[in-house]
Amino acid sequence: MATRNTSWFESTTRWLAAGCVALGAFGVIAEDAAAQAIQLRDGKVLVGEVLDATSDGLSFRRLDNGGLLELDWADLSTLHAERLKRLEGIVVEEEGEVTVLADEIVYAIAGGTRVEIIGLVLDRKDGFLQVKQKSGILPVKQADVKNVRKIEVPVFEIYTKGEYYQIKLDEIQPGDDADKHIQLAEALRRVGLYDQAEQHLVRADELGGGKQKSQLEGMLARIRLLQEAAEERGLLSQISVMRNRKEWTKGRELVAEFRQRFADSKLMKELERAEQKLESARERNLVDQVRQDWDRTVSRVAEDQAKEDDFSLTQARTYAEDRMAQDVFAKIGDLLDIEAEEVENLWRQRLEAGHVRATLYSYGIGSWLLGDDAVLKDTAHGDAAGQTVGAGDSAQDRELERIMRKIREVQKRGRQLAQSGGPGGAGSGEVSEEDWWRDASRQERTSWLRSYFAEYGGQMEVVRAFASECATCDGLGHLVQLGQSGREEKLRCPLCHGTRFTRVIRAR
């Protein structure tokens, strides 16, 4: 008797497995009897009943000996695990998987504030773009538009669920064709329109099931499982939408809401995946924003300090080396509404995130404050004007030449002043570093402080340095003039103070 039962089980198992293979899916074998065949990674087929399924795995009771197995999804063959998870309602198809081509419009409003919206440009008339958004039609004045580009966005960024359903209905036009009703149901399922999908599957069944008649029962079972977790899936989809909209705070709030409302959900692993995607996208976006805001924030912080009359050169050096970075982090944090500590972490990740364009920083005529060795450090000893900076840097080449030209103009005025014996000229005696700093213009102090921070503040990397001969003394470090005895005398250059060069760096 035992032998007969074993033989029956083995033959039945082989028959079920063969039938499943032929159908191309190891799915539900008998819905009412709950008998299912599952295939393990090693190819072995087990027949029994799935008692429970979560994102972690499944509980399976064997039909042959009643044994209970706790299996991870990795224990099953990849194809079968994927299909069984779908049947059990474990896999989530995000709204982001179904996209439409939309328009990203950047325009300015009163006061020059830039606004960025996503929609569909339906028409251009009477000087306005008619932009379709989910909430309705928004007219945008064409004269205010800065840029329009095509991007892929989730369907529900543009359409309401009702609009999208009507679009697919008009596109497929199922009529009395069972296969088209199934096609429409599948399209609706992918975007979470489960109620409508069920209606079309039922209609397909009423029409005889078409070419997929044998699969209809499983499709309906799956849709009903998805309906049971509709609220959970809706929240997951909203998290995806918030990620695409770059609304990080709202996305985080939805993650917290899911955990509070559905603590025992089978979709907890899917929530973890959605949260990871949200945080990764947020981090990438913030790294980009920190990089974009960095240079102008450094300049703003430097200017705020340089304008203070009692801010000495000694204080400037100490500030750039010790405290300026924290002020920059704090100011960017205020701009992005995040903590300064996070800005600091994001800034450190900038080089890992991809290409970072270096910016030019000039010490100007204050280069001499660095000292002879520091002015020439890592340069080609004054050959900056002839150096090439690599393909693709032509814009920065022009910027470098602009800086050098400006320095030469200042030096030329200094030469004229020196020759005339005016204040600070060759005949006026030595000028101390602190005296020079006190009398320097706000722009000169700002440029020097931001350059010193870039090189010595510990937050940036100098990728190239340039030294240009002082135009006042032609790189000699001194001027020659006739003394009272009629003999030539060498006097230290009043612009470069004997260092002979001015310094510009490229840092990132």
*If you take just the helices (runs of 4 or more DSSP H) that sit entirely in region 315-384, which of them hold at least 1 residues that are in the same structural domain as ARG500 (by TED's automatic domain parsing) and either β-branched (Val, Ile, Thr) or in contact with an Asp or Glu (Cβ under 9 Å, 6 or more places away or on another chain) (or both)?*
372-376
*Could you please tell me which pairs satisfy a Cβ distance under 7 Å, a separation of 6+ or placement on different chains, a first residue in region 206-227 that is small (Gly, Ala, Ser), and a second residue that is surrounded by 14 or more Cβ atoms within 10 Å (Cβ to Cβ) and assigned to a loop (DSSP other than H, G, I, E, B)?*
GLY218/GLY27
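Filter region 13-42 down to residues that are of a type outside the set (A, V, I, L, M, F, W, C) and at pLDDT below 80 and give me whichever is nearest to ALA81 (Cα to Cα). Before you say what the answer is, go through the steps one by one.
Here is the first cut: in region 13-42, the residues of a type outside the set (A, V, I, L, M, F, W, C) are 13-14, 19, 24, 27, 31-32, 36, 39, 41-42.
From what's left, at pLDDT below 80: 13-14, 19, 24, 27, 31-32, 36.
On the way: THR13: 19, ARG14: 20, GLY19: 18, GLY24: 13, GLY27: 10, GLU31: 18, ASP32: 22, GLN36: 13 Å.
Checked region 13-42; the qualifying residue nearest to ALA81 (Cα to Cα) is GLY27.
Got a sec? Which of VAL298, VAL287 is hydrophobic (A, V, I, L, M, F, W, C), over 21 Å from the mean Cα position of the chain (by Cα), crowded, with 17+ Cβ neighbours inside 10 Å and assigned to a helix (DSSP H, G or I)? Even if it seems obvious, please write down each step before you answer.
Values: VAL287 fails: over 21 Å from the mean Cα position of the chain (by Cα).
None of the other options fit; the residue is VAL298.
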*Candidate set: region 337-356, residues that are hydrophobic (A, V, I, L, M, F, W, C), farther than 17 Å from VAL298 by Cα and within 14 Å of the chain's Cα centre (by Cα); chosen: the one modelled with the highest pLDDT*: LEU351
_Test result for ASP75, at pLDDT 80 or above, more than 18 Å from SER240 (Cβ to Cβ) and under 31 Å from the mean Cα position of the chain (by Cα)_ = no
*Can you name the condition, by its number, that LEU449 falls short on among (1) in a loop (DSSP other than H, G, I, E, B); (2) closer than 30 Å to GLU341 by Cα; (3) of a type outside the set (Lys, Arg)?*
(1)
*Could you say which residue among GLN173, GLN130 is modelled with pLDDT of 90 or more and loosely packed, with under 15 Cβ neighbours inside 10 Å?*
GLN173
*With respect to the numbered conditions (1) in contact (Cβ under 8 Å) with a residue 60 or more places away in the chain; (2) under 30 Å from LEU336 (Cα atoms); (3) surrounded by 16 or more Cβ atoms within 10 Å (Cβ to Cβ), which one is the sole condition not fulfilled by ARG233?*
(2)
*Quick check, is VAL241 surrounded by 15 or more Cβ atoms within 10 Å (Cβ to Cβ), at pLDDT below 90 and either touching a helix residue (DSSP H, G or I) at 6+ places or on another chain (Cβ under 8 Å) or not assigned by TED's automatic domain parsing to the domain that holds GLU104 (or both)?*
yes
*asked:* Looking only at residues that are crowded, with 19+ Cβ neighbours inside 10 Å and aromatic (Phe, Trp, Tyr) in region 443-471, which one is farthest from TRP294 (Cα to Cα)?
replied: PHE466
*asked:* Just checking: which of the helices (runs of 4 or more DSSP H) contained wholly in region 202-266 hold 1 or more residues that are out of contact with any Ser or Thr (no Cβ under 9 Å at 6 or more places or on another chain) and under 17 Å from LEU184 (Cα atoms)?
replied: 213-228
*Just wondering, is there one or more residues in region 471-489 that are of a type in the set (D, E, K, R) and either closer than 28 Å to GLU321 by Cβ or touching a Pro at 6+ places or on another chain (Cβ under 6 Å) (or both)?*
no
*Taking region 140-178 as the region of interest, how many residues are under 27 Å from the mean Cα position of the chain (by Cα) and small (Gly, Ala, Ser)?*
0
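If the requirement is being touching a Gly at 6+ places or on another chain (Cβ under 9 Å), free of Cβ contacts under 8 Å to residues at least 60 places away in the same chain and not charged (D, E, K, R), which of these qualifies: ALA340, ALA320, ALA330, ALA325? Quick ask: steps written out before the conclusion?
Numbers: ALA320 fails: free of Cβ contacts under 8 Å to residues at least 60 places away in the same chain; ALA330 fails: touching a Gly at 6+ places or on another chain (Cβ under 9 Å); ALA325 fails: free of Cβ contacts under 8 Å to residues at least 60 places away in the same chain.
Checking each option against the conditions leaves just ALA340.
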*Could you run through region 357-378 and say how many residues are under 36 Å from the mean Cα position of the chain (by Cα), over 20 Å from GLU321 (Cβ atoms) and modelled with pLDDT of 85 or more?*
2
*THR113: at pLDDT below 90, over 30 Å from GLY57 (Cα atoms) and hydroxyl-bearing (Ser, Thr, Tyr), yes or no?*
yes
*State all residues of region 192-225 that are touching a Leu at 6+ places or on another chain (Cβ under 7 Å) and of a type in the set (Lys, Arg); if no residue qualifies, say none.*
ARG222
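The values are calculated or read from the model by the stated rules, or taken from the named source; none is laboratory data. Source: prediction; values computed, not measured. Neighbour counts run over all protein chains shown; Cβ positions are idealised from the backbone, glycine included.
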